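Read-outs throughout are calculated quantities, based only on the coordinates presented, and are distinct from any laboratory measurement. Bear in mind the structure is a predicted one, so any value in this text is a computation, not a measurement. Cβ atoms come from the backbone with ideal geometry, glycine included; neighbour counts cover every protein chain shown.
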């Protein structure tokens with residue numbers, strides 16, 4: 001008789017399951033675009049609600065009818081462009097070639113980043129090394145004081161710049177240096193974005209909750225919420241594929257192709273008393289179809305869709321936002 005085999009119990013899913021290095025993600029891959037443009041933005045997660053809109057997807061059973069769709073609210077105060085960073089190609093990937101910082105750093109950021117900015121001198125050095133540059137990115141900082149989360153210390157991260165030629169990218173980046181950029185400059189209703197965030201941390205968890213393995217019967221000799229065997233006798237080692245207890249959550253995750261439904265001001269959507277466990281939206285907000293990773297008040301990075309679906313661009317016709 002042949003040996004009876006079965007699929008493994010419990011999903012490995014993403015591996016390794018370890019804690020993220022910081023509470024907001026780092027984005028290294030961006031889509032290619034024809035013209036220079038901003039390829040990412042950031043917002044604080046407010047919570048979820050639902051909207052009533054007209055279904056415009058042809059072939060759908062509810063085409064032309066009013067449907068209810070779950071949405072996530074993100075508060076997106078303007079980002080300040082505090083620097084430009086240029087990269088060059090090397091054998092080991094992209095390496096920093098040079099960077100330039102603006103003179104007028106925000107007060108909260110000047111305490112965090114100690115840089116003596118000589119903008120004109122740094123820009124002239126970049127122009128001399130133009131032939132070596134392969135990638136241009138913007139260094140931006142958030143403005144949490146303009147949001148409703150009651151935070152002061154801004155986050156600092158990079159966002160990509162689209163375009164075909166390096167010279168066009170650099171000129172576009174120079175035009176934004178020291179200025180504020182809004183979410184409406186990044187996307188518009190109907191476009192697809194990728195949501196990148198650090199998920200909700202749940203600490204140490206056992207293999208049943210962490211991997212979804214089967215609970216042992218009560219006649220099991222060892223623990224019930226445990227794997228039956230740690231592996232074969234030889235080679236005498238425990239394989240990495242074995243479901244064991246460890247860190248659950250607080251990991252970097254990406255969800256692709258989230259449709260932007262609406263961009264607006266906070267006054268038009270705020271409920272009386274503010275949102276539960278968040279407060280009042282004080283600046284711009286974005287409605288994203290579906291859910292996004294992370295708990296409330298966490299910084300979510302929105303990136304231009306790197307592998308968009310083949311569905312046509314559809315501007316949503318929203319009838320009501322239920323708060």
Handout entry: Centroid-to-centroid separation of segment 1-66 and segment 240-284 [C-alpha atoms, Å]
Key = 12 Å
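Under the rule a/c < 1.5 gives rounded, and otherwise a/b versus b/c splits prolate from oblate, where does segment 70-115 land using the Cα gyration tensor? Write out the running numbers ahead of the final one.
Values: a/c = 3.14, a/b = 1.30, b/c = 2.42.
It is oblate, given that a/c is not under 1.5 and a/b is not larger than b/c.
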Problem - Packing rank of 33-46, 149-162, where each peptide gets the mean count of other beta carbons within 10 Å, highest leading - result: 33-46, 149-162
Fill in the blank from the handout: Subtracting the Cα-Cα distance of residue 11 and residue 215 from 0.36 nm times their residue separation yields 72.0 nm
Practice task
Just the number, please: Stokes-Einstein D of segment 1-118 in µm²/s, Kirkwood Rh from C-alpha pairs, 4 °C, 1.567 mPa s.
Solution key: 62 µm²/s
Practice task
Could you tell me which label, among (1) 232; (2) 116; (3) 172, carries the value of volume of the Cα convex hull per residue in Å³ calculated for this structure?
Solution key: (1)
Fill in the blank from the handout: Here Rg/Rh (Cα, Kirkwood) for segment 103-154 equals 1.11
Exercise for the section: Could you sort 15-24, 94-103 so that the peptide with the highest average Cβ count within 10 Å comes first and the rest follow in order? Expected result: 94-103, 15-24
Exercise for the section: Mind giving me the nanometre distance, one decimal, between the label points for residue 91 and residue 33, set 7 Å out from Cα along Cα→Cβ? Expected result: 3.5 nm
Exercise for the section: Could you tell me how many degrees, from 0 to 90 and to the nearest 10, lie between the Cα long axis of helix 166-176 and the main elongation axis, the longest principal axis, of the Cα atoms of the chain? Expected result: 80 degrees
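Under the rule of -39500 (n - 2.57) per DSSP H run of 4 or more residues, summed and divided by the residues of the chain, what mean residue ellipticity at 222 nm is obtained, to the nearest 500 deg cm²/dmol?
Values: 4 runs with 32 residues, N = 323.
The helix-only estimate for the chain comes to -2500 deg cm²/dmol at 222 nm.
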Practice task
Any chance you could give the angle, 0 to 90 degrees and rounded to 10, that helix 119-128 forms with the longest Cα principal axis of the chain?
Solution key: 80 degrees
Completion exercise
Given 137-145, 165-173, 277-285, 60-68, the highest-first ranking by average Cβ count within 10 Å works out to 137-145, 277-285, 165-173, 60-68
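Report the per residue volume, in Å³, of the convex hull enclosing the C-alpha atoms of segment 158-271.
Values: hull volume 28.4 nm³, N = 114.
Cα convex hull per residue, to the nearest whole number: 249 Å³.
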